[in-house]
Amino acid sequence: MAVAPGLAEAHIVLAAVRVQAGDRAGAEAALDAALRIEPDNVAALLRKTTFLVERGELPAAVEVTSRAIAAQPGNVLARLQRAEIRLRQGDNAAARADVEAALRTAPGHAGANYMLAVLQVRAQEWRQAEETLNRLGAVLPNTPEGLLLMATVKQQLNQTAQAIDAAQRHVARRPEDPRGARLLAALELQANRPRNAAEVLNNLVRRGVQDVEAYDLLGRAQIAAGRPREAAEAFARADALAPGDATRLARLAASRLSIGDFAGMAEAAQGALRANPAVPGARLMLAMGEIAQGNVAAAEAELGRLDDAQRQGEAAQVLRGMIQFIRYEPDAARATFEGVLRANPDSVPARLGLARVATSQGRAEEAERLLGEVLQRDPGNAEALGRLAATALAGGPRAAAGLALLEQAQAANP
């Protein structure tokens, strides 16, 4: 510096040396000195912008890059630097104007094309984004989030196999990135492979990644895979990371109910109701838990706390029919379940309830027909399968009919 203290370039070189030495404050001071000598020095302005962005001073960073662009309107780096700042600010229109200006100067610039694809995704211009990403060719996998962006685009274009391939490649490169794991798991769920989805997310959490959305999605994948106990564990981890979310607590309550953890279900359902008294299903789960424990009066009390619309819904009416059946009021229960079926022709719970009533009234043929209809709608329904299997194995006059229904279910869902 003693050789040429009046040269802006000398201060820029000094700034680079200080950055390498870890003296960022000294480096920025050197850049400020360069800009006092030469206010429109583009190299100094762009380096100064980096420090401003690091501190989150985005309006000031835009002002500094604008000075660089005014000095050199065709400077692609300056255009892209300002576009990136405007992306952070959420000013997509201004960012796009800078990116398109950069592409007019350098149509094949990889960074400019990548940023254009990001903006096209934000605008949900899926087909255009695909075309832009394809232009990147072999460069795409080497961009930090190129494969993740491509997977997102392919998902929106319903090109599931290509989306999964891109997401798998991103996860292989960045296994600790929860966004990639969540996207791949969602795609596996979309392809009806919940066990694959669960494995993807388990691999993520085994790395120590603490991500609320990943645990929540893991819980849903485990439910779809028929693993309610593992689902309850995942939902509990999500709640531990971000306590008090009504929707997640309701999911936790449902999974605990399905494994017979009535105390845990009640705790989660009550927590959901404290967070949001209108959260769907929480009070119904409390009622189901009371019924499962034989507390019919308590179940009725929970149903009584529902508003009129909820009380007339399918789930509440099925519970009402169950209570009537438990109270040895089969005719009333039949009327309730039949009413549910009129309003909800595909209802599985109402069919199961009506089948129980039919069995209690000695109407075996009607019960079998209803259980067969359940299997048409829910091929893995344990109660319907179990009851029809018991009928087939009993060897009585209804054995052949029970076996025939099971064979029909098997043929329809091999």
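Here are a few things to note about the model shown:
- Relative frequency of Cα-Cα separations exceeding 18 Å in segment 52-193, percent: 59
- Kirkwood radius, segment 1-131, all distinct C-alpha pairs, inverse of mean reciprocal distance: 15.6 Å.
- Backbone phi angles across segment 283-298, fed through the Karplus curve with coefficients 6.51, -1.76 and 1.60 (θ = phi - 60°), yield HN-Hα couplings of 5, 5, 5, 4, 5, 5, x, 5, 4, 4, 8, x, 8, 5, 4, 5 Hz in residue order; Gly and Pro are listed as x.
- Note that segment 313-325 has calculated 3J(HN,Hα) couplings of x, 4, 4, 5, 5, 4, 4, 4, x, 5, 4, 4, 5 Hz, one per residue in order, obtained from phi through the Karplus relation 6.51 cos²θ - 1.76 cosθ + 1.60 (θ = phi - 60°); glycine and proline are x.
- Computed [θ] at 222 nm, deg cm²/dmol, the chain (DSSP H ≥ 4; -39,500 (n - 2.57); rounded to nearest 500): -24000 deg cm²/dmol
- Label-point gap, in nm, between residue 361 and residue 156 - each point 7 angstrom along Cα→Cβ: 5.4
- Average projection area in nm² (convex hull over Cα atoms of segment 139-183, one quarter of hull surface): 2.7
- Axis angle, to the nearest 10 degrees, between helix 76-89 and the longest C-alpha principal axis of the chain: 40 degrees.
- With the convex hull drawn around the C-alpha atoms of segment 317-414, the volume per residue stands at 86 Å³.
- Evaluating 6.51 cos²θ - 1.76 cosθ + 1.60 at θ = phi - 60° for every residue in segment 409-414, the Karplus couplings come out as 4, 5, 5, 6, 9, x Hz, glycine and proline recorded as x.
- In segment 245-346, one over the average inverse separation of all distinct C-alpha pairs is 13.8 Å, which is the Kirkwood hydrodynamic radius.
- Sorted by Cβ neighbour density within 10 Å, fewest at the top, the residues 340, 209: 209, 340
- About the Cα centre, charge dipole magnitude for the chain (Lys/Arg +1, Asp/Glu -1 at Cβ), debye: 380
- The Kirkwood hydrodynamic radius of segment 365-414, based on inverse pair distances between different Cα atoms, is 10.4 Å.
- Coil-residue GluC sites (Glu not before Pro) of segment 50-99, DSSP, other Cβ within 10 Å capped at 15: 57
- The chain - Rg over Rh from alpha carbon coordinates, Kirkwood radius: 1.18
- Taking only the Cα atoms of segment 253-311, the ratio Rg/Rh comes out at 0.95, with Rh defined as the Kirkwood radius.
- For segment 26-59, trypsin sites (Lys or Arg not before Pro) meeting the loop criterion (DSSP other than H, G, I, E, B) and having at most 12 other Cβ atoms within 10 Å: 55.
- Overall Cα dimensions of segment 147-243, principal axis frame, Å, largest first: 34, 25, 19
- For residue 245, distant residues with modelled amide H under 5 Å away: none
Readers should treat all values here as calculations from the given coordinates under stated rules, not as data from a laboratory. What you see is a predicted model; the values in this text were computed from it and never measured. So basically every Cβ, Gly included, is an ideal-geometry build from the backbone, and we count neighbours across all protein chains shown.
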